[in-house]
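Accompanying notes for the structure given below.
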Amino acid sequence: MQTVNNQAIGRATGKIILMGEHAVVYGEPSLAIPFPKATIQTTVTPSTGPITVDCIYHKGLLTDVPERLSNLLTVVEISLKALKKELKDFSLKIDSSIPAERGMGSSAAVAVATVRALFNYFEQELTHDQLLELVNVSEVIAHGNPSGLDAAMTSGEQPLYYIKGKPFVPFKMSVDAYLVVADTGIKGQTREAVGSIAALMKEHPEETMNDIHQLGELADKAKTAIEENSPIDLGSYMHQAHLLLDKLGVSNEQLNQLVDAALANGALGAKLTGGGRGGCMIALADSETTAQQISDALRETGTSNTWIYQLGDDSFE
Ligand code: MEV
């Protein structure tokens, strides 16, 4: 039980998809890591009026995006149903440093933190499966056809290898390298990008499935590169994955420019991460100095934010 002064909190982390985004929707492997540099905390406090939501959201309020607020209220509604509670006399406060709509799993993380906080508030046990089930309901609304990866990543605190419909397999991030994460400052379009690949799949099933399959193979190869501590191979697979994602139409000019700038400044590989068409990109660096050089170069090309993250460091900011 985590209620303090009648308040209850729930937390979640952001996530970074290293490999396999989009392909995971079609049953191919994917690799994702928690991103503890960006987190969400929901606090539930008793109040006398009807439910109120107060959000301190990274660079903007959650309530600035009406569909996000309605999604959050859906999360509250389904959680209360699962809790067999009707009571609505509480307020929710959401503190988030996960940029919204950037492929970092913010929609799933808001849901994870909120479901956890509500179960804590009503002092009821929440199993991990139950949490994933509740979060996936809101992910269907946010993404259309979610693979379940975002819900699993933002609720767990370990790197995962994931094939849709199969158990999540934790893996050790045993590669000595740094990740530079850069936000294009442009709203990612996961739902549209997932839909456009579905349309391609109808139009050109063989070629599209072949590209998706190659993305899956690259995710498997990347896992081996991580296990063998081969940052050079990992970088090469990341770059190949970006080219395939671009071919599938889920990159855009800004992402491609950032990928090129990262490669020109010493990155071992770079790619979009998450749904694409905006959102974030990641670049792999063999040292902190190179990571800083890449980060500086990306900031010069106009990216709105960058983070440098030592792979395997799971300390929370
Ligand atoms: C979005 O972060 C990742 C996608 O693969 C969609 C999904 O897995 O549900 C694009």
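The values are calculated or read from the model by the stated rules, or taken from the named source; none is laboratory data. Everything quoted here is computed from the prediction, not taken from an experiment. Using ideal geometry, Cβ is built from the backbone for each residue, glycine included, and neighbour counts are taken over all protein chains shown. Just the protein is used for accessible areas: all its heavy atoms, side chains included, with ligands, DNA and RNA removed. Shrake-Rupley method; radii C 1.70, N 1.55, O 1.52, S 1.80 Å.
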**Request:** State all residues of the stretch 81-119 that are touching a Ser or Thr at 6+ places or on another chain (Cβ under 6 Å) and assigned to a helix (DSSP H, G or I); if no residue qualifies, say none.
**Result:** ALA108, ALA109, ALA111, VAL112, ALA113, THR114, VAL115, ALA117, LEU118
**Message:** With the structure loaded, tell me whether PRO167 is part of a loop (DSSP other than H, G, I, E, B) and under 15 Å from the mean Cα position of the chain (by Cα) or whether it fails that test.
**Reply:** no
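Within the stretch 18-30, is there a residue that is farther than 21 Å from ARG277 by Cβ and either at pLDDT 75 or above or crowded, with 18+ Cβ neighbours inside 10 Å (or both)? Break it down into steps so the answer makes sense when it comes.
The first filter runs over the stretch 18-30 and keeps only residues farther than 21 Å from ARG277 by Cβ, leaving 27, 29.
Narrowing the set further to residues that are either at pLDDT 75 or above or crowded, with 18+ Cβ neighbours inside 10 Å (or both) leaves 27, 29.
There is at least one residue in the stretch 18-30 that is farther than 21 Å from ARG277 by Cβ and either at pLDDT 75 or above or crowded, with 18+ Cβ neighbours inside 10 Å (or both).
For the structure I just gave you, tell me whether THR208 is in contact with a strand residue (DSSP E or B) (Cβ under 6 Å, 6 or more places away or on another chain), part of a helix (DSSP H, G or I) and surrounded by 15 or more Cβ atoms within 10 Å (Cβ to Cβ).
The answer is no for THR208.
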**Complete:** Checking LEU263, LEU234 in turn, the sole residue that is in a helix (DSSP H, G or I), more than 15 Å from the ligand (Cβ to nearest atom) and open to solvent by 40 Å² or more (accessible area, probe 1.4 Å) turns out to be LEU263
**Message:** Take VAL112 and tell me if it is surrounded by 24 or more Cβ atoms within 10 Å (Cβ to Cβ) and closer than 25 Å to VAL250 by Cβ.
**Reply:** yes
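With LEU83, LEU69 as the choices, which residue is modelled with pLDDT under 85, farther than 30 Å from PRO231 by Cα and either touching a Leu at 6+ places or on another chain (Cβ under 9 Å) or crowded, with 22+ Cβ neighbours inside 10 Å (or both)?
LEU69
Considering only residues of the stretch 161-180 that are open to solvent by less than 30 Å² (accessible area, probe 1.4 Å) and in contact with a strand residue (DSSP E or B) (Cβ under 7 Å, 6 or more places away or on another chain), which is farthest from the ligand (Cβ to nearest atom)?
Applying the first criterion (open to solvent by less than 30 Å² (accessible area, probe 1.4 Å)) to the stretch 161-180 yields 162, 171, 173, 175, 177, 179-180.
From what's left, in contact with a strand residue (DSSP E or B) (Cβ under 7 Å, 6 or more places away or on another chain): 162, 171, 173, 177, 179-180.
Numbers: TYR162: 9, PHE171: 18, MET173: 19, ALA177: 22, LEU179: 16, VAL180: 19 Å.
Residue satisfying both the conditions and the ranking: ALA177.
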**Fill in**
Scanning the stretch 266-284 for residues that are more than 15 Å from the ligand (Cβ to nearest atom) and either farther than 12 Å from ALA182 by Cβ or assigned to a loop (DSSP other than H, G, I, E, B) (or both) gives GLY266, ALA267, LEU268, GLY269, LEU284
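Would you tally the residues in the stretch 261-305 being among the β-branched types (Val, Ile, Thr) and modelled with pLDDT under 95? Even if it seems obvious, please write down each step before you answer.
First pass over the stretch 261-305, keeping only residues among the β-branched types (Val, Ile, Thr): 273, 282, 289-290, 294, 301, 303.
Cutting the leftovers down to modelled with pLDDT under 95 gives us 301, 303.
Looking only at that region, the number is 2.
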**Message:** Regarding the stretch 140-160, can at least one residue be identified that is surrounded by fewer than 23 Cβ atoms within 10 Å (Cβ to Cβ), modelled with pLDDT of 90 or more and within 15 Å of the ligand (Cβ to nearest atom)?
**Reply:** yes
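Here is a check on your reading of the model: is ARG102 touching a strand residue (DSSP E or B) at 6+ places or on another chain (Cβ under 6 Å), at pLDDT 95 or above and open to solvent by 10 Å² or more (accessible area, probe 1.4 Å)? Step through it out loud before you land on a result.
Details: touching a strand residue (DSSP E or B) at 6+ places or on another chain (Cβ under 6 Å): yes; at pLDDT 95 or above: no; open to solvent by 10 Å² or more (accessible area, probe 1.4 Å): yes.
Judged against the criteria, ARG102 is not a match.
Here is a yes/no grid of residues against (1) touching a residue at least 40 places away in the same chain (Cβ under 8 Å); (2) open to solvent by 40 Å² or more (accessible area, probe 1.4 Å):
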| site | (1), (2) |
| --- | --- |
| ALA182 | yes, no |
| ILE186 | yes, yes |
| GLU192 | yes, yes |
| LEU200 | yes, yes |
| HIS204 | no, yes |
| LYS221 | no, yes |
| GLU227 | yes, yes |
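Looking only at residues that are touching a residue at least 24 places away in the same chain (Cβ under 8 Å) and assigned to a loop (DSSP other than H, G, I, E, B) in the stretch 120-139, which one is farthest from the ligand (Cβ to nearest atom)? Break it down stepwise before answering.
If we filter the stretch 120-139 for residues that are touching a residue at least 24 places away in the same chain (Cβ under 8 Å), which is where we start, we get 120-124, 128, 130-131, 134-135, 137-139.
So of that shortlist, the ones also assigned to a loop (DSSP other than H, G, I, E, B) come out as 122-124.
Details: PHE122: 29, GLU123: 32, GLN124: 28 Å.
Top of the filtered list is GLU123.
Quick one: is LEU215 within 14 Å of the ligand (Cβ to nearest atom) and either more than 17 Å from the chain's Cα centre (by Cα) or more than 17 Å from CYS280 (Cα to Cα) (or both)?
Values: within 14 Å of the ligand (Cβ to nearest atom): yes; either more than 17 Å from the chain's Cα centre (by Cα) or more than 17 Å from CYS280 (Cα to Cα) (or both): yes.
Yes.
State yes or no: is SER107 in the same structural domain as LYS37 (by TED's automatic domain parsing) and farther than 27 Å from VAL250 by Cβ?
Against the criterion (in the same structural domain as LYS37 (by TED's automatic domain parsing) and farther than 27 Å from VAL250 by Cβ), SER107 does not qualify.
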